[in-house]
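The values are calculated or read from the model by the stated rules, or taken from the named source; none is laboratory data. All values reported here derive from a predicted model rather than from experimental measurement. Quick reminder, even Gly has a Cβ in these numbers, built from the backbone with ideal geometry, and neighbours come from all protein chains shown.
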Amino acid sequence: MRAMARSSTSGANVPSSGNVAQQEDAKSHVLAAIGELVDEGKAEWSRGESGEIELRLVSGEVFVLGEVAVTRVG
């Protein structure tokens, strides 16, 4: 899996509630699943002009990966 580092100046959201350890565990699971999609050729990820990580599925959907959320943008 190709690693994508996040910029600390990317305007990440701050978690409002919940256990930080649980949030990090969930984030790890999501990133692992995304990594599998990339490894299998079903998606590509890159850093956009704004510094955010963009995930593009071969089916055409585009997502922005935030610090605590994934947002569909296309």
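Being in contact with a strand residue (DSSP E or B) (Cβ under 6 Å, 6 or more places away or on another chain), of a type in the set (Asp, Glu) and modelled with pLDDT of 90 or more, is that true of even one residue in the stretch 31-42? Within the stretch 31-42 (the criterion being in contact with a strand residue (DSSP E or B) (Cβ under 6 Å, 6 or more places away or on another chain), of a type in the set (Asp, Glu) and modelled with pLDDT of 90 or more), the answer is no, since none of the residues qualifies.
Within the option set Gly51, Gly60, Gly11, being assigned to a loop (DSSP other than H, G, I, E, B) and at pLDDT 95 or above holds for one residue only, Gly60. Restricting the first residue to the stretch 46-57 and requiring it to be among the basic types (Lys, Arg), which pairs with a second residue that is in a strand (DSSP E or B) and loosely packed, with under 12 Cβ neighbours inside 10 Å meet a Cβ separation below 9 Å and a spacing of at least six or different chains? Pairs found: Arg56/Ser46.
Please find, within the stretch 31-74, the residue that is nearest to Val20 (Cα to Cα) out of those that are surrounded by 14 or more Cβ atoms within 10 Å (Cβ to Cβ) and among the basic types (Lys, Arg). Restricting to residues being surrounded by 14 or more Cβ atoms within 10 Å (Cβ to Cβ) and among the basic types (Lys, Arg), the top hit is Arg47.
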